[in-house]
Amino acid sequence: MQDKKRIDELRLILNQHNINYYVYDNPTISDYEYDQLLKKLQNLEDKNPDCFSPDSPTQRVGGMPLTSFKTITHRLPMQSLANAMNDDEIIHFDKQIKKFLKLNDEISYIAEPKLDGLAVELVYENGSLVYGSTRGDGFIGEDITHNLKTIKSIPLVITDDNPPSLLEVRGEVFINKVDFKNLNEERTANNEPLFANPRNCAAGSLRQLDPKVTENRPLRIFCYAPGKIIGKQFISQIQFLNQLPKWGFPVNPYIEEGNGTSFLIDYYMRAESLRTKINYDIDGVVFKVNSYKYQSELGIRSKSPRWAIAGKLKAEQATTKIKNIIISVGRTGALTPVAQLEPVNIGGVIVSNATLHNQDEINRKDIRINDTVLVQRAGDVIPEVVKVILEKRVLKSNVFVIPDECPICFSKASKSKDEAVLRCHNLYCPAKLKGSLQHFVSKNCMNIDGLGIKIIELLIKNKLINNISDIFYLNQDNLSHLEGMGEKSANNIIKSIENSKTTSMAQFLFGLGIRHVGQNASKILEKNFKSNFDSLVKSTKEELVNIHEIGEVMADSIISYFSNQLNIEIINKCFLAGLKFSNVNEIRQSVITGKTFVFTGNLGDLKRSDAIKLIELYGAKKSSSISSKTDFLIAGEKSGSKLDKAKKLGVKILDAQEFMDLINSLK
Ligand code: IVH
């Protein structure tokens, strides 16, 4: 019985942490602490199979793969929206509504960003998620419950003591731009085909038969519309939107309420700059009549409701001509065909190159030099050719075939088995050097500010850099003599190289660009080898594959990389230049190493963030809640329930002064 109580308690705590993170964007515990709690719950549930619940936070982990999708008929159709392309059409929309409702007063509207993801419907019975589906054709969608459950921002149970017996909530599943970029970087490192844009990635991830795949995709949701609801009534969109977070559903923070056309036009105008500011793609705004009474009076046309309209933002596609196709060589030696375009303005950005990915893509789309093509730019992604406008094809054009020779060093390029791309295998190819240096200095690796591609090219041209370690041996003199480089910029770059020498093992490892070792894998290796680079270098294949997330292919790649003496020499030169890992190497061993601290109440002059830094310096960690695992509670003035709980559990309690005395005694 004790276990059952704890299971219920842990489920509540984990659900609340999810809401803090996804709904309020205000996490109160670290991912690590969350995972520990989840593990605890999983252990207890394993011991108590009678306590199984499909709503438990442990049930998010992907179950068995499906063989096909079932279909689900929506109780209420999921409609689409009519479009407004400009201010006039928005004004017309408002006019029609007033005419229809025979009203002279200004209408109350809700303005929402139009997310460029995938519409889904979530169905809750008596507060529990029973299934979720895609929009499909609006009437019948696919049952993707198994995948939706892996999305942590979707509540499995809603927070309500008296939930509606039926609640259908609709929303958009999407991937934000940073997560998308990281995912594609990871895929580059793993040699997997890249996703064209965040929307395709979200769509592909939701339509996986194996939920284990979906689980590893950083999907999110914002909810925006009701389906059928029994047991709770709403009178307006704003009332519904205000209720959603209370139930645990994330709602877009940029939704606004306002009156009349002046509000609509103002919001529409601001949407362009909102688009550049936010971290996910939107393709427009949605204006909805706020009152549900008016909405039902207005009703629907054949496909879209009269009470809503999508204000489209400037198209992010345009047609232009392919002047030439060149081959670019990346750090892995991959030969990527790139279309050189007649420059075209796409959504405010001038585009003159578009990736053609590989030969298979060229063949599939039958892309040729001189073709007129539709080009698309999605967020931060490299522009790509969507399709050829065949009617405009010049008569005598040839099929394009990527030559099997590296255009930079002229060595023979070849495909390895089961790969779609041709690669240059010359170890000393300057294009590969440029790519690997660019990767090494990038934000997620050594994060060296100011060392852009132009400077890297000059450094290579002037034979100042032959490999990554040479970066650490550059001096002010080398740099300031480069074309167009001033004293000050040279000085800033040297400073930033110096700063980069203190980094984490994961960043350095990712920077090395070992095939198949992406950012995530680098973090896993850092954790498993406790930032001890030497032990990673000496590790055996068996040790590597014993790490849960490391497979055979990655293990082989790591072993092969470190068995190359040249690589070892380059790495040693980095360490000789002063490279060091800050996170683990610098932990000062002491009596508090490995202990857990909780801080509560007002600590006076002692800033909480400073206190946390201090304990981390000694290898202790901070937690947000008191449990039997807490070693110290640092309690300031107005400490509430945490103090009581700590007393009950016999946790050692210190005030701010005693805490500082303890820290000072460690030195
Ligand atoms: S309301 C009839 N609100 O746009 C009401 N839709 O073209 C339709 N969408 O299938 C849904 N953001 O995928 C609504 N804030 C938002 C939206 C939104 C994106 C998508 C949704 C829908 C499509 C309609």
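The values are calculated or read from the model by the stated rules, or taken from the named source; none is laboratory data. Please read these numbers as outputs of a predicted model, since none were measured by experiment. Cβ: placed from backbone, ideal geometry, glycine included. Neighbour counts: every protein chain shown. Only protein heavy atoms, including side chains, enter the accessible area calculation; ligands, DNA and RNA are left aside. Shrake-Rupley method; radii C 1.70, N 1.55, O 1.52, S 1.80 Å.
For Glu552, state whether it is charged (D, E, K, R) and at pLDDT 80 or above. Spelling it out, Glu552 is indeed charged (D, E, K, R) and at pLDDT 80 or above.
For region 272-279, the count of residues that are open to solvent by 30 Å² or more (accessible area, probe 1.4 Å), away from the ligand (no atom under 16 Å from the Cβ), within 30 Å of Glu457 (Cβ to Cβ) and not in a helix (DSSP H, G or I) is zero.
Restricted to region 280-295, and to residues that are part of a loop (DSSP other than H, G, I, E, B) and of a type outside the set (S, T, N, Q), which residue is farthest from Asn83 (Cα to Cα)?
Step by step, filter region 280-295, then rank; the result is Tyr280.
From the list Asn216, Asn252, Asn176, Asn191, the lone residue that is touching a residue at least 40 places away in the same chain (Cβ under 8 Å) and under 13 Å from the mean Cα position of the chain (by Cα) is Asn176. Residue-level analysis places Asp94 among those that are over 22 Å from Ile175 (Cα atoms), open to solvent by less than 70 Å² (accessible area, probe 1.4 Å), charged (D, E, K, R) and away from the ligand (no atom under 16 Å from the Cβ). Applying the set (1) without any contact (Cβ under 8 Å) to a residue 60 or more places away in the chain; (2) within 16 Å of the ligand (Cβ to nearest atom); (3) part of a loop (DSSP other than H, G, I, E, B); (4) of a type in the set (A, V, I, L, M) to Leu81 leaves exactly one unmet item: (1). Considering the conditions (1) more than 16 Å from the ligand (Cβ to nearest atom); (2) surrounded by fewer than 14 Cβ atoms within 10 Å (Cβ to Cβ), Arg75 is excluded by exactly one of them, (1). Flag not set for Val401, criterion: open to solvent by less than 30 Å² (accessible area, probe 1.4 Å) and hydrophobic (A, V, I, L, M, F, W, C).
Exactly one residue out of Ser500, Ser480, Ser489 is open to solvent by less than 70 Å² (accessible area, probe 1.4 Å), closer than 25 Å to Asn572 by Cβ and not hydrophobic (A, V, I, L, M, F, W, C), and it is Ser500. If you take the residues of region 280-295 that are of a type outside the set (Lys, Arg) and over 29 Å from Glu384 (Cα atoms), which of them is surrounded by the most Cβ atoms within 10 Å (Cβ to Cβ)? If we take residues in region 280-295 being of a type outside the set (Lys, Arg) and over 29 Å from Glu384 (Cα atoms), then Phe287 is surrounded by the most Cβ atoms within 10 Å (Cβ to Cβ). Here Pro226 meets each of (1) modelled with pLDDT of 85 or more; (2) within 13 Å of the chain's Cα centre (by Cα) with one exception, condition (2).
Looking only at residues of region 511-532 that are part of a helix (DSSP H, G or I) and open to solvent by less than 10 Å² (accessible area, probe 1.4 Å), we find that the one that is modelled with the lowest pLDDT is Ala521.
Going by the structure shown, is Tyr254 open to solvent by less than 40 Å² (accessible area, probe 1.4 Å) and part of a loop (DSSP other than H, G, I, E, B)? So Tyr254 fails the test. Restricting attention to region 637-667, the residues that are open to solvent by less than 20 Å² (accessible area, probe 1.4 Å) and assigned to a loop (DSSP other than H, G, I, E, B) add up to 1.
Only residues that are within 16 Å of the ligand (Cβ to nearest atom) and surrounded by fewer than 22 Cβ atoms within 10 Å (Cβ to Cβ) were counted across region 97-109, and they come to 1.
Pairing residues of region 92-116 that are farther than 16 Å from Lys288 by Cβ with residues that are more than 16 Å from the ligand (Cβ to nearest atom) and not hydrophobic (A, V, I, L, M, F, W, C), at Cβ distances under 9 Å and at least 6 apart in sequence or on separate chains, gives Lys95/Thr261; Asn104/Lys98; Asp105/Lys98; Asp105/Asn259; Asp105/Gly260. Just one of the listed residues (Val120, Val157) is β-branched (Val, Ile, Thr), within 16 Å of the ligand (Cβ to nearest atom) and crowded, with 18+ Cβ neighbours inside 10 Å, and it is Val120. Among the residues making up region 296-322, those that are within 13 Å of the ligand (Cβ to nearest atom) and in contact with a Ser or Thr (Cβ under 9 Å, 6 or more places away or on another chain) are Lys303, Ser304, Trp307, Ala310. Might you let me know whether region 22-30 holds any residue that is modelled with pLDDT of 90 or more, open to solvent by less than 30 Å² (accessible area, probe 1.4 Å), over 20 Å from Thr150 (Cβ atoms) and not charged (D, E, K, R)? Looking for residues that are modelled with pLDDT of 90 or more, open to solvent by less than 30 Å² (accessible area, probe 1.4 Å), over 20 Å from Thr150 (Cβ atoms) and not charged (D, E, K, R), one finds none in region 22-30, hence no.
Looking only at region 585-618, count how many residues are part of a loop (DSSP other than H, G, I, E, B) and either open to solvent by 20 Å² or more (accessible area, probe 1.4 Å) or touching a residue at least 60 places away in the same chain (Cβ under 8 Å) (or both). Here the count works out to 16.
Of all the residues in region 187-212, those that are assigned to a helix (DSSP H, G or I), closer than 18 Å to Asn279 by Cβ and open to solvent by less than 60 Å² (accessible area, probe 1.4 Å) number 4.
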